[in-house]
Amino acid sequence: MSALNLDDFADLIERPDGGVRRDAEERRAKFAVPPGALGRLDELGEWLAAAQGSVPVKPVRRPKVLLFAGDHGIAELGVSAREPGTAHELVRAVLDGSSPVAVLARHADVPVRVVDLSLDADPASLPAEIAGHRVRRGSGRIDIEDALAPEEAEAAVRAGMAIADEEADAGTDLVVLGDLSVGGTTPAAVLIAALCGTDASVVTGRGGRPIDDLAWMRKCAAIRDTLRRARPVLGDQLQLLQTVGGADLAALTGFLLQSAVRHTPVILDGVVSGAAALVAQRVAFRAPDWWLAGQTSGEPGQAKAFDRLALEPLLTHDVTAGEGTGALLALPLVRSAAALAAELPVQEEPAQDELVQDEPVEEEPVQKDPAEQEKPAEDAESEPA
């Protein structure tokens, strides 16, 4: 296997079709509904048309929720409200249908796929289709050691790329992207702070299950200490993920990059997917054109990442549950935009012959024959009576 070179993605990733987007804008201008009356739904419909390369836009028929799972060694410092190594419990809640994202997905008739990258659990205790891409058991304690070995970081990115190809080949036309992790918001905050050049306190949040002030201070200190290890490797995104990321974050990055190559649109969820998107943007600056920000979770790191990515969240519900929940809530909005863009009637322009018939016909002045013009007065008087 040849060495992975992330720089190749800069050439492989193209922007969504600008010509198609202009065609979609022109089509929208012919709707009876006035411009601006549909708000961001117009923008979403045009974005989706460009991503699909189709006018009118096609319905979103085969979306999927995709959750990358992993445990992080930094949780040993008490930076999470959950016990270290318990991300497998989050996975089981999704599988048995009792988690928020599982309930919403069931009612929206959207399948959910969970991928184990680094759960701290026996792989034999999980369904085979979940553990098939596992890189290692847990990630390192990033304040004092690397999250991954060099070969593990590359394997994780390749796993994300392979998953993107699997979904594209299966016909998935939009991905709702999230994570199932314990301690994952800490390395995510490190990546965001490092790439945005900010201090630890600016990006330290309280997580999906809120932590108290003491735990927040421990988390802030862990992010500050880890930032010292991150800054020397900022120029190499693969090494950055190896040093202070984790298998799930590296796989998310690979997935986002390869999804952009395969023209698969993605809705981002929380701070973890936002951090991976920020790393992917550093690799290929066109990649964010294929993503949407689902909603604001209230995590300061997420807000910082979305701002740097120039992505405006679709919703502002402050859902902190994670696990792709907020992004899934935005899916009906995207589907609605597609339906309106495709099905609203277009006002036909009048045919050219009708335009000609409606125009008033101006009569040309009648030219008299010179022989028929009246004779001069003197000639008339000289005639005999």
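Of the listed requirements (1) touching an Asp or Glu at 6+ places or on another chain (Cβ under 8 Å); (2) within 19 Å of residue 272 (Cβ to Cβ); (3) acidic (Asp, Glu), residue 46 misses just one: (2). Every condition in (1) in contact (Cβ under 8 Å) with a residue 12 or more places away in the chain; (2) open to solvent by 40 Å² or more (accessible area, probe 1.4 Å) is met by residue 67 except one, and the failing one is (2). Applying the set (1) open to solvent by 90 Å² or more (accessible area, probe 1.4 Å); (2) farther than 30 Å from residue 270 by Cα; (3) at pLDDT 90 or above to residue 285 leaves exactly one unmet item: (2). Evaluating residue 183 against the criteria (1) more than 30 Å from residue 229 (Cβ to Cβ); (2) buried (at least 17 other Cβ atoms within 10 Å of the Cβ) leaves one unmet condition, (1).
Residue selection: residue 17 satisfies the criterion of being within 26 Å of residue 254 (Cβ to Cβ), charged (D, E, K, R) and modelled with pLDDT under 95. Screening the stretch 97-128 for residues that are assigned to a strand (DSSP E or B) and among the β-branched types (Val, Ile, Thr) and picking the one that is farthest from residue 72 (Cα to Cα) gives 112. None of 56, 34 is open to solvent by less than 70 Å² (accessible area, probe 1.4 Å) and more than 22 Å from residue 238 (Cα to Cα) except 56. Selection within the stretch 245-263: residues that are among the polar types (S, T, N, Q) and open to solvent by less than 10 Å² (accessible area, probe 1.4 Å). The member of this set that is farthest from residue 222 (Cα to Cα) is 259.
If the condition is being open to solvent by 10 Å² or more (accessible area, probe 1.4 Å) and in a strand (DSSP E or B), then the stretch 164-180 contributes only 179. Within the stretch 76-96, being assigned to a loop (DSSP other than H, G, I, E, B) and in contact with a Lys or Arg (Cβ under 6 Å, 6 or more places away or on another chain) holds for 78, 79, 81.
Conditions tested, residue by residue: (1) polar (S, T, N, Q); (2) out of contact with any strand residue (DSSP E or B) (no Cβ under 6 Å at 6 or more places or on another chain).
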| site | (1), (2) |
| --- | --- |
| 247 | no, no |
| 258 | yes, yes |
| 265 | no, no |
| 278 | no, yes |
| 285 | no, yes |
| 294 | no, no |
| 305 | no, yes |
| 318 | no, yes |
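Yes/no matrix, rows are residues, columns are (1) closer than 17 Å to residue 256 by Cβ; (2) in a helix (DSSP H, G or I); (3) out of contact with any strand residue (DSSP E or B) (no Cβ under 7 Å at 6 or more places or on another chain):
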{"residue": "8", "(1), (2), (3)": "yes, yes, yes"}
{"residue": "33", "(1), (2), (3)": "no, no, yes"}
{"residue": "42", "(1), (2), (3)": "no, yes, yes"}
{"residue": "45", "(1), (2), (3)": "no, yes, yes"}
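Which of the residues belonging to the stretch 95-113 are buried (at least 21 other Cβ atoms within 10 Å of the Cβ) and over 22 Å from the mean Cα position of the chain (by Cα)? Within the stretch 95-113, just 99 meets the criteria.
The values are calculated or read from the model by the stated rules, or taken from the named source; none is laboratory data. Just so you know, these numbers come straight off a predicted model, no measurement behind them. We place every Cβ from the backbone using ideal geometry, glycine too, and count neighbours over all the protein chains shown. Heads up: the accessible areas ignore ligands, DNA and RNA and are worked out on the full protein's heavy atoms, side chains in. Shrake-Rupley method; radii C 1.70, N 1.55, O 1.52, S 1.80 Å.
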